[in-house]
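The values are calculated or read from the model by the stated rules, or taken from the named source; none is laboratory data. Please read these numbers as outputs of a predicted model, since none were measured by experiment. Glycine gets a Cβ as well: all are built from the backbone with ideal geometry, and neighbour counts include every protein chain shown. With ligands, DNA and RNA removed, areas are computed over all heavy atoms of the protein, side chains included. Shrake-Rupley method; radii C 1.70, N 1.55, O 1.52, S 1.80 Å.
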Amino acid sequence: MSLSASIPFDEPDGLLSEYRTVNGIYDELVGVDGRNRAYWQAFIDGMQALPPDEVAQHSETALRLIRQHGVTYNVYGDPKGEQRPWELDTLPLVIPEHEWLLLERGLKQRATLMNAILADIYGPQTLIKDGVLPAALVYANPNFHLPCHGIVPPYETFLQIYAADLARAPDGRWWVFNDRTQAPSGAGYALENRVITAQCLSDLFRDGQVHRLAHFFQALRENLRALSGKDDPRIVLLTPGPLNETYFEHAFLARYLGYPLVEGPDLTVRDNRVYLKTVGGLQPVDVILRRVDTEWCDPLELRPDSTLGIAGLVEAARAGNVTIANALGSGLVECTALMGFLPGLCTHLLGEELILPHIATWWCGQESAREYVIANLDSMVVARTFRTPTLVSADAGQVLGSELSATEREALIARIRQRGYEYVGQEPITLSTAPAWNEGRLVARPMALRMYATALGDDYVVMPGGLTRISENNSTRAMSMQRGSGSKDTWVLSSAPVDSFSLLRHEEASPVLRRAGDDLPSRAADNMYWLGRYAERTENAMRLLRSLLTRLAEDSVQDANANLAVQKLLYMLAHPGDVYGLMRRRGRTLSAARIEQRIQAYLFDPAEPNGIPQLIHTVNRAAALTRDRLSLDAWRTLDQLHQDALRQRPRVWLDIGDASAVLNDMLRTMSAFSGLGMENTTRTQGWRFLDMGRRIERATTMAGLLRGLLSTGDPERQGFLDRLLELADSFMTYRARYVSAPRLVQVLDLLLVDESNPRSVAFQLDALEQHAARLPRFNDALDRSPEQRQILSCQAAIRLANVRALAHADSKGRRADLDTLLARVTSALNDLSETIGRHYFSHADLGRHTEAASLRRFFEP
């Protein structure tokens, strides 16, 4: 079945039975004669052939996939928080082949024209000298950056990626209403929309002869490779960071294209060359695909207060040692006022007429245009000359003349007459409508389309599709990708069969073989390390809570020993790592009601410090920072845990069975994440730092538990040994070895020095030793690295320990040797964490004081 087929549609009770169009507005689906357009017919027939329940499930399936894939965008100041789920309507926008061919030619021409303008302005500036382009539109433009003048990119291609926002006029013609040349966003979302929609409508997509998107991304990748002049260049994707509106897209594209995702602090300039800070040292960078606006890219020559850029980047580009896509300063031609000059510029530079028209625009810096705008203010949209609407935020600063009061109108006219160059007038845009799902039925919603082109050689390749945005309301006024709008996939039809090419299956003529190396960015290593620590910390808190619930269900908490054990466990939840406080915990007896209240708060209250909801949120945030390094299954597992936690609500009273079931489910999910890390993750340096973080956290926690519960008193009588075995998930191992009740010597042996027990301190140190041996070496003169020496000193102390002597208490019930050993181990593990951070994350000069201080903890009296 081809979507290009023309089949009459006249079923009054079908999908279109309640579909209503707007008079005088072009509708993508239904023509002025009330009949659906021919190129939609096969799609509508295919939808009608689906069972009603399946049609209704499409939106639910898309929402589930969006959650599983973690597709989000951020809106600054949005009450829903930083991460907002992407909104996708599964009904695609369908574009016939003849329209696509026109759009393709028009976008290629427009991208070529914008590139030619940039090449002139940042070069000879003949357009200004010849009077074709007003100087004020260039020199007053905040996106014109003088330090970038004279920097010529390879092949004189300033625009590696170009995007245009398009809308339909009432007569059906496509019009451009925005050009995007700075760092065009949305291509990754368009690809994700395609992935999800193709899964929801798999049969229709497979049979519909829809152009694939992978060729566009293949062209982008090939172009970036060619810019470097190398067969195997190092290309990075530069992002402002996780608080940026479209951070998901940055991470998604980095993974899809196979590039490291980096932030400004990950890069440095040395001798006019850009280097990537990795755990293996500095690695030269050949090409930067930037998602950071020009002004933020270099605090030395552009914006001094920027923390997003790389000091010296402009000079490195000027020296020709790095290529930046798009070229620095390319946001200049996004200026709306430039549209009024494009027809003349196209004729002057290309000798052609513009293929795609744009909305009528008058720059008020010219007297005739200024007077025309004032005279026709009631039919004008007036905006600032230099503004840049973003992908998902509303375009602030626009006013519709007809909606102004008399006072506001006079004030605006006065400002235009006084500072006309700051204002631009445009005809209001009336958007076309497209079908969208709304509560199980089709409705007409205003839409706009963003399309993309990427340079390749001396031409441009246009994405056969794009990012379609739809408004949530019925207003057909232009929305500039407004906050709260949804999105669609865009299906470009072909009259011939299309191939199923995928970039992920692309085979190179001479493939390059690679193994995991030391090119992990230091920031990524840092994030992976702390993800491991936070995940382990969260799992430990869950085990503590489960132990508390078991104690509450099995024992009388009014018993002095049982109550003391509960107090200590509650203290550990409230003050993780505070061993001294745990050792000295001798509070008054807690009532059962108070204990239940605290357990419920830690388990369900999102405002409880160190509670499970807050810990899970921290893990989720850490995972979001490393999502380009995590497998999809790992991300889905953690995201599912986060969604489950968000659905929990504080209970009126604590049901131990219900609380235990919730904790067990959460622990299973955390165990699944751990299992994915061990069995499904390639042994790269990223995995190594993830596991090192987990091992250090586990060893530190276990050493703290042993010290806090065993260094004083009678732990056998107090029931602390049972709790320790339960927390360490080692009851079965103990019972398999010993038939007696838990005894202190045996428990110390199992949880402290037994290298075969995955929960023991010794086991963690053994794993850390293996990891440290595989980390990059910076000083070959040393037989062992500082990390190895610190780990070996801990191992030696544990291996030489006599557990019987450690278990011996003095007349006051104190075990000084055990306390001293565990205090030294804990302190040394903290030093190890600090050493790893300074050595591999910040590249600070360690010196020898850290190593020496760690060694002295064990060998000084």
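Computed values, structure above
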{"quantity": "Formal net charge of residues neighbouring ALA601 (Cβ-Cβ distance under 13 Å; K, R +1; D, E -1)", "calculated": "+1"}
{"quantity": "When the convex hull of its Cα atoms is projected in every direction, mean area for segment 234-325 (nm²)", "calculated": "5.6"}
{"quantity": "Proportion of all alpha-carbon pairs of segment 522-681 beyond 20 Å (%)", "calculated": "52"}
{"quantity": "The chain, accessible surface, carbon-and-sulfur percent (1.4 angstrom probe)", "calculated": "49"}
{"quantity": "Per-residue HN-Hα couplings for segment 55-60 [Karplus 6.51, -1.76, 1.60; θ = phi - 60°; Hz; x = Gly/Pro]", "calculated": "4, 5, 7, 4, 5, 5"}
{"quantity": "Charge dipole (the chain, unit charges on Cβ, about Cα centre) - positive-most of SER485, PRO609, ALA816", "calculated": "ALA816"}
{"quantity": "Amide hydrogen neighbours beyond the local backbone of ARG387, cut-off 5 Å, H modeled", "calculated": "THR336"}
{"quantity": "Computed FRET value (nearest 0.05) for GLU18 with ASP207, which takes r as the C-beta separation and R₀ as 25 Å", "calculated": "0.40"}
{"quantity": "Antiparallel bridges, percent of DSSP beta bridges restricted to the chain (to nearest 5)", "calculated": "75"}
{"quantity": "Heavy-atom surface of segment 611-702, accessible at 1.4 Å and reported per residue (Å²)", "calculated": "41"}
{"quantity": "Dipole axis of segment 234-325 (+1 Lys, Arg; -1 Asp, Glu on Cβ), positive-most option in VAL285, PRO299, THR268", "calculated": "VAL285"}
{"quantity": "Helical contribution to [θ] at 222 nm, DSSP H n ≥ 4, -39,500 (n - 2.57), averaged over the chain, rounded to 500", "calculated": "-14000 deg cm²/dmol"}
{"quantity": "Rg over Rh [alpha-carbon atoms, Kirkwood Rh] for segment 180-290", "calculated": "1.05"}
{"quantity": "Degrees, to the nearest 10: 38-49 long Cα axis against longest axis of the chain", "calculated": "40"}
{"quantity": "Calculated from backbone phi, Karplus (6.51, -1.76, 1.60) coupling profile of segment 319-332 in Hz, x at Gly/Pro", "calculated": "6, x, 8, 8, 10, 10, 10, 6, 4, 4, x, 6, x, 3"}
{"quantity": "Accessible area expressed per residue, segment 234-325, with surrounding protein chains retained (probe 1.4 Å, Å²)", "calculated": "32"}
{"quantity": "Cα centre as origin, Lys/Arg/Asp/Glu Cβ charges: the chain dipole, Debye", "calculated": "3220"}
{"quantity": "Amide H within-cut-off set for ASP27, under 5 Å, with H built and near neighbours excluded", "calculated": "THR433"}
{"quantity": "Amide H contacts of ARG290 (H built 1.01 Å from N, under 5 Å, at least 5 apart or other chain)", "calculated": "LEU238, ALA325, ASN326"}
{"quantity": "log₁₀ of I(q)/I(0) at q = 0.21, 0.22, 0.23 Å⁻¹ - segment 46-156, Debye sum with one point per alpha carbon", "calculated": "-1.07, -1.11, -1.16"}
{"quantity": "Isotropically averaged projected area of segment 279-396, using the convex hull of Cα atoms (one quarter of hull area), nm²", "calculated": "11.7"}
{"quantity": "Rounded to 10°, Cα long-axis angle of helix 522-554 versus longest principal axis of the chain", "calculated": "50"}
{"quantity": "Value of Rg/Rh across the chain [Cα atoms, Kirkwood radius]", "calculated": "1.04"}
{"quantity": "Calculated P(r) of segment 80-219 - Cα pairs past 26 Å, %", "calculated": "43"}
